[in-house]
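Data first, discussion second: the structure below is written as structure tokens.
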Amino acid sequence: MTLSQYKNAIEASNIVSKTDINGIITFVNDEFCRIFEYSREELIGKNHNIVRHPDVPSDAFKNLWDTILSKKTYKSTVKNLSKSGKTIYVNTTVTPIINKQGIIEEFIAIRYEVTKSIELTNQLQLKEKELEDLNNTLERRVKEQTHELLVLNRNLEVKIKEEVENNRKKDRLLYQQSRLAAMGEMIGNIAHQWRQPLSELGITIYKMKKLFTSRGDEFNFLETYDHSRDVIKKMSNTIEDFRNFFNPNKVKENFLILDAVSETLNIMKGTLTRHNITVKVHDKSCVKINGYLSEFTQVLINLINNSKDAFKQKEIKNRQIDIKISKDDKNNAILSFSDNAKGIEEKIIDKIFDPYFTTKHSSIGTGLGLYMSRMIIKNSMSGDIFATNLKDGVTFSIIIPTR
Ligand SMILES: Nc1ncnc2c1ncn2[C@@H]1O[C@H](COP(=O)(O)OP(=O)(O)O)[C@@H](O)[C@H]1O
Ligand SMILES: [Mg+2]
């Protein structure tokens, strides 16, 4: 191979340029013109830094010049700029050509383009960076979310505690309200039961005055006196009945359901006669239950009051309440309380035990009676109470386990 054949081979496959000792271009091959998009005329005589990229720091050029001026070959991947502003990466070798006297005559630069592979590497690095960033953000997000969840959880716990406390307060309030309602009922009954003996006493005292003024008749006077004492005794008993009801000894006891029923009927005597209500009691079982007698009595009072209201509202003539006490095959005590006041509309029968549910005028209904009754039966006696419609009325069934 001759020298010119070598030269041709190199020039055909590489980007070649030559400059003089000052860096002024003296030769470019076709490949150089094609890659950097200049014509040969535009390049010859110009400084080689015509293809310099503004990104490249001047340090790099200092290094190049130091190397080649000390007669060494310089090798590097260089970032260049084409005429239209394209970035071109080239692997460059710059060799100083030295003459026989050992002086640098010119520089020859041989390069090949590596733009594609550099760009791919750059893109890859960019993607890797993005991925890393994404990973970092993800980790941070997970941490943040976990923290948020923790805070949320803590808030929720506080909320639940508050709600539970609110519910407890509401229950206490409901209980007090229902006791107040019952107390109102009691006072009404006392008034009723006292009306007759009070007028009786009035008559008696009048008689005494007459007997006293007409002088003598000691026998009649003493008889009238005894009668007055009886009346007063009866009034005092009435008070005693109600006092027991409102001052319940708060110890659970075993009691006959029948006793609770009798006490209720005694307390409610006034209401029942005033409203013409007949109550029939059937008890073949003599079953005892364990709980607070006064509370159980309150449930029965609620049921009687509801029947009374229904009788009045539906204008029932022949007003009947039936109370049956029995036991089922699982040894539960059953009290079924039925009236003939035309029953409860099916569409509301599921709601009647809800607090504040009432179909009555706000001056009569509190909607608490059945709610409290169910609370008492469930909480104090582990039993249940529910309502079913009959042909002409409703039955409330109370079921209480007897252990
Ligand atoms: N024996 C009954 N006959 C018909 N409806 C009844 C009877 N008992 C209860 N109800 C219905 O159930 C509702 C809720 O009763 P309750 O909880 O005692 O509250 P209130 O008596 O204050 O309305 C009543 O408003 C009424 O509509
Ligand atoms: Mg009621």
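Quick notes
- Residue selected from region 357-384 under the condition buried (at least 18 other Cβ atoms within 10 Å of the Cβ) and away from ligand 2 (no atom under 13 Å from the Cβ), by the criterion modelled with the highest pLDDT: Gly383
- Check on Ile325, surrounded by fewer than 20 Cβ atoms within 10 Å (Cβ to Cβ), closer than 19 Å to Thr264 by Cβ and aliphatic (A, V, I, L, M): no
- Checking Asp354 against (1) away from ligand 1 (no atom under 12 Å from the Cβ); (2) surrounded by 13 or more Cβ atoms within 10 Å (Cβ to Cβ); (3) part of a loop (DSSP other than H, G, I, E, B), the condition it does not meet: (1)
- Test for Thr395: is it near ligand 1 (Cβ under 10 Å from one of its atoms), outside any helix (DSSP H, G or I) and under 23 Å from Arg172 (Cα atoms): no
- Conditions (1) part of a helix (DSSP H, G or I); (2) more than 9 Å from ligand 1 (Cβ to nearest atom); (3) among the charged types (D, E, K, R); number of the one not met by Asp309: (2)
- Of all residues in region 361-384, none are touching a strand residue (DSSP E or B) at 6+ places or on another chain (Cβ under 6 Å), farther than 25 Å from Leu180 by Cβ and within 12 Å of ligand 1 (Cβ to nearest atom).
- Unique residue being under 30 Å from Gly367 (Cα atoms) and assigned to a helix (DSSP H, G or I) when the list is Asn136, Asn153, Asn166: Asn166
- Qualifying positions in region 319-344 - at pLDDT 95 or above and in a loop (DSSP other than H, G, I, E, B): Asn340, Ala341, Lys342, Gly343, Ile344
- Boolean, Ser285 is assigned by TED's automatic domain parsing to the domain that holds Met375, in contact (Cβ under 8 Å) with a residue 40 or more places away in the chain and surrounded by fewer than 16 Cβ atoms within 10 Å (Cβ to Cβ): yes
- Helices (runs of 4 or more DSSP H) (entirely within region 9-102) containing at least 2 residues that are touching a Phe, Trp or Tyr at 6+ places or on another chain (Cβ under 6 Å) and surrounded by 12 or more Cβ atoms within 10 Å (Cβ to Cβ): 58-69
- Check on Asp354, in contact with a Lys or Arg (Cβ under 7 Å, 6 or more places away or on another chain) and of a type in the set (Asp, Glu): no
- Which listed residue, of Ser178, Ser236, is within 30 Å of Glu263 (Cα to Cα) and either of a type in the set (Phe, Trp, Tyr) or exposed (fewer than 11 other Cβ atoms within 10 Å of the Cβ) (or both): Ser236
- Residue check for Ile348: surrounded by 14 or more Cβ atoms within 10 Å (Cβ to Cβ), within 16 Å of ligand 1 (Cβ to nearest atom) and assigned to a loop (DSSP other than H, G, I, E, B): no
The values are calculated or read from the model by the stated rules, or taken from the named source; none is laboratory data. All values reported here derive from a predicted model rather than from experimental measurement. With ideal geometry, Cβ positions are generated from the backbone for all residues, glycine too; neighbour counts draw on all protein chains shown.
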